Each structure stands twice: as structure tokens, then as C-alpha cells.
Amino acid sequence: MKLSENKKQDIALLVLRLAAGVIFVLHGYGKLFGGNPGMEGFTKMVTGLGFPLPVVFAYAAALSEFLGGIALILGIFPRAATFFLGCVMLVALIAVKKGQLPKADPDLALLAIVVAIALHGAGRYSLGMFLRKKAAAPGSTPAPTQPMP
């Protein structure tokens, strides 16, 4: 069976979403629920970076990783999720790792993945696409639309 180019792209997006999503969920979970480093340790690190309101920024980053990772895995809200995840990865790449490669390789790779997903969307094999198709199916009531501002 030969796969079309579109199907290959959708499978590639699925693989990227799942791999990055799992990584983000695990890192966010470790921060939020007391794993490694836990919120106390992570907040100390954010404080050391000189962020104002370090507790707020620490929770924002941890929640972005955890909830953004879940969104990537499910393929929902890809642009919102990738925006927040991209911000977290930029801070990790620039402020934490100081752009030093190869130490910052994982951060750069994850940033590239979230940018690719932001540009392309979640792809065909996503919960978001399934729900859009279901809403557009014959006999279903379309969701009301509002014009873009």
C-alpha cells in the first residue's frame, strides 16, 4: 500500500505531536506534582533568572508544559498550545542554557517541533480534526461563527 504525500505529512505530524507532547507532560508533571524538580525547586530556578513574580512565572511555565503537552497529544488547540510551549522553550534556550549547544540541543529541537506544529496545525490524525469533521457532517448543526475582528 502506497501512502500519499498528505497522509505521510499527517503521520509525521502525529509522531511529532505525540513525542513532544509526552516530553512536555512529563516535565510539567515533575514541576507541578513534586517530581523532579518540584515547584519549590523550579521556582528557585526562575527566581535566579531574575523574573519578576517568579512564582507566577514558574506556575505559568509548568502549566504550559503540562496542559500544552496534553493538547499536543490530543491534537486540540495546537496554535495556543504551541505559542505557550514555544515561549517556554525560548526561555529555556536563551535564559537557562544561554544558547550553548550541545547543552541546549533538546530545547532547540522541541522549539523547532512546536514551530512546525504552529505553522501546519495538528494534522488529520487529531481530536480537533475529528471534532471539526463531525460538526461538518450532514445532518449536524454547524457551530455559530463570528467574524474575525
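The values are calculated or read from the model by the stated rules, or taken from the named source; none is laboratory data. Since we're looking at a predicted model, the values are computed, not measured. All Cβ positions, even for glycine, are placed from backbone atoms using ideal geometry, and neighbour counts span all protein chains on display.
Criterion applied to I76, I113 was being at pLDDT 95 or above, part of a loop (DSSP other than H, G, I, E, B) and closer than 15 Å to A20 by Cβ, and the one residue passing it is I76. One residue stands out in the stretch 33-73 among those that are among the aromatic types (F, W, Y) and not in a helix (DSSP H, G or I): the one that is farthest from A20 (Cα to Cα), namely F51. Considering every residue within the stretch 73-82, establish whether at least one is polar (S, T, N, Q), in contact with a helix residue (DSSP H, G or I) (Cβ under 6 Å, 6 or more places away or on another chain) and closer than 28 Å to R124 by Cβ. Checked against the condition, which is being polar (S, T, N, Q), in contact with a helix residue (DSSP H, G or I) (Cβ under 6 Å, 6 or more places away or on another chain) and closer than 28 Å to R124 by Cβ, the stretch 73-82 yields at least one hit.
Against the criterion of being farther than 24 Å from G121 by Cβ and surrounded by 13 or more Cβ atoms within 10 Å (Cβ to Cβ), K2 does not qualify. Of all residues in the stretch 48-61, at least one satisfies being surrounded by fewer than 17 Cβ atoms within 10 Å (Cβ to Cβ), more than 15 Å from the chain's Cα centre (by Cα) and closer than 21 Å to L108 by Cβ.
For every residue, the table says whether it meets (1) charged (D, E, K, R); (2) in contact with a Leu (Cβ under 6 Å, 6 or more places away or on another chain).
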residue: E65; (1), (2): yes, no
residue: G68; (1), (2): no, yes
residue: L72; (1), (2): no, no
residue: G75; (1), (2): no, yes
residue: F84; (1), (2): no, no
residue: L90; (1), (2): no, no
residue: Q100; (1), (2): no, no
residue: P106; (1), (2): no, no
residue: I117; (1), (2): no, no
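Across the stretch 118-129, the qualifying residues are those that are touching a residue at least 12 places away in the same chain (Cβ under 8 Å) and assigned to a helix (DSSP H, G or I), and the one among them that is farthest from the chain's Cα centre (by Cα) is M129.
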